[in-house]
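First the structure, in the form of structure tokens, and then the observations on it.
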Ligand SMILES: [Zn+2]
Ligand SMILES: [Zn+2]
């Protein structure tokens, strides 16, 4: 494997993207050779302030005017005659090994209709998500927020973790671990907005919905373990990922009457918004329920919260 700084001008279709930055020297272009022939290439470096990236303090939303300490894979391609021989992995590994010390990790995006490419990145230790919160340092709570882009999915992982994974020493089930972290973050947010309380009716409704087969789903559901949301007033009980949820809410707004109870399907004056979350299923169910549906306690002796379910409620 050789380092080719001049590759930017070599006429590859990705040269424009590599030439994007103000500091071309910080980009890394590597080429894999086999018997005197180029059989693969990778281009990685600062992401530049692309439209998909909003740099902000997670707590305050302040914009940052510099490249975040993450590298983006701008391009990775292997000659079809050499695919499946480990060239791509070797190129990726070479970038991970050359990652500057102050760079937290690597990310990139891939089209949703390329399941083989998505699976390739997953097997190499990347987390796949519709959007991502990338920390600015290993310790800080501020980060870069990658917004969801229609038809695209992001892959990302911290450099040290990628290094471990590629060396065969990574966590098993790392995606599940990250999904659980995301679940707990959502749980804290739900808990702040609508504190948990003792009513159990909506837990029963949520369990019913959780057991119902999914009628439809956003395109990110099949990407693997991730936090999903179901609204009880959605006639299809569609499971959507958290980033897709606001857009999905707009499509079902007509059913979201504030005095409609999703439990008994009646119009009631005392409907409140309730939610239940299930950590095992990484699922949140939200419903508008009337007072009697909220107070619909299970039989005596059975009114303990089943493990995994978290409950909350607030004004509709
Ligand atoms: Zn989605
Ligand atoms: Zn009701």
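One table, with the values for the structure above:
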item	result
Close pairs from region 205-223: first more than 26 Å from residue 115 (Cβ to Cβ), partner modelled with pLDDT of 80 or more and within 16 Å of ligand 2 (Cβ to nearest atom), Cβ under 6 Å, at least 6 apart	205/263; 205/287; 206/276; 206/285; 209/285
Of all residues in region 282-299 being modelled with pLDDT under 85 and assigned to a loop (DSSP other than H, G, I, E, B), the one that is nearest to ligand 2 (Cβ to nearest atom)	296
Among (1) more than 15 Å from ligand 1 (Cβ to nearest atom); (2) surrounded by 14 or more Cβ atoms within 10 Å (Cβ to Cβ), the one test that residue 266 misses	(2)
Region 230-263, residues that are within 16 Å of ligand 1 (Cβ to nearest atom), in a helix (DSSP H, G or I) and more than 14 Å from residue 286 (Cβ to Cβ)	247, 250, 251
Sole exception among (1) modelled with pLDDT under 80; (2) away from ligand 1 (no atom under 16 Å from the Cβ) for residue 219, by number	(2)
Strands (runs of 3 or more DSSP E) enclosed by region 76-183 - at least 3 residues per element that are farther than 18 Å from residue 42 by Cβ	127-129, 132-135, 143-146, 152-158
Condition check for residue 312: more than 16 Å from ligand 2 (Cβ to nearest atom), part of a strand (DSSP E or B) and at pLDDT below 80	yes
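The values are calculated or read from the model by the stated rules, or taken from the named source; none is laboratory data. From a predicted model like this one, the values you see are computed outputs, not experimental measurements. Positions of Cβ are generated from backbone atoms using ideal geometry, with glycine treated the same way; all protein chains shown enter the neighbour counts.
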